[in-house]
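The values are calculated or read from the model by the stated rules, or taken from the named source; none is laboratory data. Computed from a predicted model, the values in this text were never measured in an experiment. Every residue, glycine among them, receives a Cβ derived from its backbone with ideal geometry; neighbour counts consider all protein chains shown.
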């Protein structure tokens, strides 16, 4: 019987370094930069690695390319298949096309249109199947057997993991004083590869994982529980019901903590990246910053490295997130009041709002609302203000003029 305890680990610092040599010149060495704006906003010391500057907008190119370059000639001819919520698919399509390797991608329904279109545009054959990543994964395995393709797992593959680990080599080369890395967790490919490299180079460094509350698979597994996963998270890139067996085996003793994030914190992080750094992050890509927003007290005095792991957010969703941020900050509000259904009522209320420096975005009249008398009308006026205090001043002014105004 073979001695499995003496077997070499599937991913080591050496295999990550070999991956870095293999992909050099084909994948961007993205910058790791100190963010004065984010640091000031949160009262912390924050560096950001901008993986959204990769050609496909995400770190996935590292692992996908490393794995493709390890295929033999016969495997390249047969072609590859994968299941992906988006970024792994674009990475395989991009580098598969450059290497002349046919690529098929199975994506679940609900994958952002931007990722589907970009994957198609990069030359892959896209198949839409299933409601979740796991459904798409099962279908991809079926097609793989039927068509004799090579399956390239998005995270549970040693070549992919080693490729993702090259991000940590770059971060610590560019910012050697970092003592904490916050890394999103979906299936675990990124965090396991980065943890292997970072802990080998700097054993004292803290590795903190970040998961979506709707898909807390790593956190649940460490507790010996079965994760209750499901739902349409904005962090669809890490919406994985089960972390990889290989990734978990590699990183379970390398991760110092896992922070589980509710949807609000992904949204707030996306907005903060736009407003502070003028850069775009998708939900999963903003997870590290979301953890800092939720728990800044845990990171006081630390030198924190965030990996902005992806920027492929649907533009309509981005617009919604930014508008919701204005609502959350009190800079967009809907004021409701019941007034007389006669000329001048709207003009008077509009004058008050305008004189106080707010902008009216839209007005709705509800004549059939039972909250208003038969000769009255319910008004909803959406306004843009400086902040919540400014909104409160406008409501007070409306009250002074006899309007029973309230903020919805």
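Considering every residue within the stretch 186-207, establish whether at least one is free of Cβ contacts under 8 Å to residues at least 60 places away in the same chain, assigned to a strand (DSSP E or B) and assigned by TED's automatic domain parsing to the domain that holds residue 20.
Checked against the condition, which is being free of Cβ contacts under 8 Å to residues at least 60 places away in the same chain, assigned to a strand (DSSP E or B) and assigned by TED's automatic domain parsing to the domain that holds residue 20, the stretch 186-207 yields at least one hit.
Does residue 13 qualify as being more than 26 Å from residue 279 (Cβ to Cβ) and crowded, with 21+ Cβ neighbours inside 10 Å?
no
For residues that are in a loop (DSSP other than H, G, I, E, B) and in contact (Cβ under 8 Å) with a residue 12 or more places away in the chain, scanning just the stretch 243-254, find the one that is surrounded by the fewest Cβ atoms within 10 Å (Cβ to Cβ).
Per the criteria, the residue is 252.
Restricting to the stretch 255-278, give me the number of residues that are surrounded by fewer than 17 Cβ atoms within 10 Å (Cβ to Cβ) and assigned to a loop (DSSP other than H, G, I, E, B).
Final tally of qualifying residues: 3.
Can residue 240 be described as modelled with pLDDT of 95 or more, within 18 Å of the chain's Cα centre (by Cα) and surrounded by 17 or more Cβ atoms within 10 Å (Cβ to Cβ)?
Considered against the rule, which asks whether it is modelled with pLDDT of 95 or more, within 18 Å of the chain's Cα centre (by Cα) and surrounded by 17 or more Cβ atoms within 10 Å (Cβ to Cβ), residue 240 comes out as no.
List the pairs whose first member sits in the stretch 213-224 and is under 14 Å from residue 266 (Cα atoms), whose second member is surrounded by fewer than 19 Cβ atoms within 10 Å (Cβ to Cβ), and whose Cβ atoms are under 6 Å apart, counting only residues at least 6 apart or on separate chains?
Between residues of the stretch 213-224 that are under 14 Å from residue 266 (Cα atoms) and residues that are surrounded by fewer than 19 Cβ atoms within 10 Å (Cβ to Cβ), the close pairs are 213/262; 214/231.
Please go through (1) surrounded by fewer than 19 Cβ atoms within 10 Å (Cβ to Cβ); (2) touching a strand residue (DSSP E or B) at 6+ places or on another chain (Cβ under 6 Å); (3) closer than 30 Å to residue 400 by Cβ for residue 329 and return the number of the only condition it doesn't satisfy.
With respect to (1) surrounded by fewer than 19 Cβ atoms within 10 Å (Cβ to Cβ); (2) touching a strand residue (DSSP E or B) at 6+ places or on another chain (Cβ under 6 Å); (3) closer than 30 Å to residue 400 by Cβ, residue 329 is out only on (2).
With respect to residue 48, is the statement that it is in contact with a strand residue (DSSP E or B) (Cβ under 6 Å, 6 or more places away or on another chain), within 28 Å of residue 282 (Cβ to Cβ), crowded, with 24+ Cβ neighbours inside 10 Å and not assigned by TED's automatic domain parsing to the domain that holds residue 131 true?
Taking the combined requirement at face value, the residue satisfies it.
Which of the following residues is touching a strand residue (DSSP E or B) at 6+ places or on another chain (Cβ under 9 Å), part of a helix (DSSP H, G or I) and either modelled with pLDDT of 95 or more or surrounded by fewer than 24 Cβ atoms within 10 Å (Cβ to Cβ) (or both): 162, 138?
138
Results for (1) touching a helix residue (DSSP H, G or I) at 6+ places or on another chain (Cβ under 8 Å); (2) assigned to a helix (DSSP H, G or I), shown as yes or no for each residue.
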position	(1), (2)
282	yes, no
286	yes, yes
326	no, yes
330	yes, no
342	no, no
348	no, yes
362	no, no
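Residues in the stretch 374-386 that are surrounded by 11 or more Cβ atoms within 10 Å (Cβ to Cβ) and either in contact (Cβ under 8 Å) with a residue 60 or more places away in the chain or part of a loop (DSSP other than H, G, I, E, B) (or both): how many?
Residues meeting the conditions: 2.
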